[in-house]
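The values are calculated or read from the model by the stated rules, or taken from the named source; none is laboratory data. Treat the numbers as computed from the prediction; the structure is a model and nothing was measured. Every residue, glycine among them, receives a Cβ derived from its backbone with ideal geometry; neighbour counts consider all protein chains shown.
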Amino acid sequence: MTLPRAIQALWDDLEAARADVMREVAGLSQRQADWKPAEKEWSAGEVINHLTIAEIATGKLTTKLTREGEAAGGLAPYPASFAIRPLPPWPPGPGEAPPVVWPEHGKPITELITTMKVTRERSRASVEKLATLDPQRLIFKHFRLGDLDLAQWWLLQAQHDRIHLGQLRDIKRQPGFPRDGAART
């Protein structure tokens, strides 16, 4: 499906952010994926799992909001002059992920990466759905950012990947990070 300009730009942003994450985790051994900088910090594997869980949640949110819109009498069509609104600024201070997107520790790294790739393939259908309706009319509250429309939720997904890309790089720079495998430093 050919996407309108704004939605194509969103998809390209999602793909670029994910490509950076995938390059960063390429070649991680299981030992590297499971290693934690500290007991209460996430491992690289947990970061991968978290990103995938969050993306699945955004896909489910897309389904939920579009179904609710249809049940309420229909969805407004995609507006010709549509532009994705920027995300509101993050509140100050560290944020903790809500429990619904907490990762599991110790999952096989090959399974984590495969699941992440498959999830992105499924996300394409959600993004294509945005090209058929007015995403600005489909609103859901984010736990820290407040009300976001559906396009902003997907924009957040790309930003989320970039935030955790920094975390992955930080994990790999730690002095105790195992240096086995083909992982980049």
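Observations
- Flag for THR52 being under 24 Å from LEU87 (Cα atoms) and of a type in the set (S, T, N, Q): yes
- Options ARG162, ARG124, ARG120, ARG169; residue that is part of a helix (DSSP H, G or I), over 20 Å from ALA26 (Cα atoms), out of contact with any strand residue (DSSP E or B) (no Cβ under 7 Å at 6 or more places or on another chain) and charged (D, E, K, R): ARG124
- Annotation: of all residues in segment 74-117 being within 23 Å of ASP147 (Cα to Cα) and in a helix (DSSP H, G or I), the one that is modelled with the highest pLDDT is VAL101.
- In segment 124-175, residue surrounded by the most Cβ atoms within 10 Å (Cβ to Cβ) [restricted to those that are among the polar types (S, T, N, Q) and out of contact with any Ser or Thr (no Cβ under 6 Å at 6 or more places or on another chain)]: GLN152
- Filter result for the condition that a residue is exposed (fewer than 12 other Cβ atoms within 10 Å of the Cβ), within 25 Å of GLN32 (Cα to Cα) and of a type in the set (Asp, Glu), over GLU96, GLU121: GLU96
- Failed criterion for ASP147 (all others in (1) free of Cβ contacts under 8 Å to residues at least 12 places away in the same chain; (2) acidic (Asp, Glu); (3) out of contact with any strand residue (DSSP E or B) (no Cβ under 8 Å at 6 or more places or on another chain) hold): (3)
- Test for GLU111: is it under 14 Å from the mean Cα position of the chain (by Cα), over 17 Å from HIS160 (Cβ atoms) and loosely packed, with under 15 Cβ neighbours inside 10 Å: no
- Any hit, segment 60-70, residues being small (Gly, Ala, Ser) and either at pLDDT 95 or above or buried (at least 21 other Cβ atoms within 10 Å of the Cβ) (or both): no
- Of the residues making up segment 10-29, those that are hydrophobic (A, V, I, L, M, F, W, C) and under 16 Å from the mean Cα position of the chain (by Cα) are LEU10, TRP11, LEU14, ALA16, ALA17, ALA19, VAL21, MET22, VAL25.
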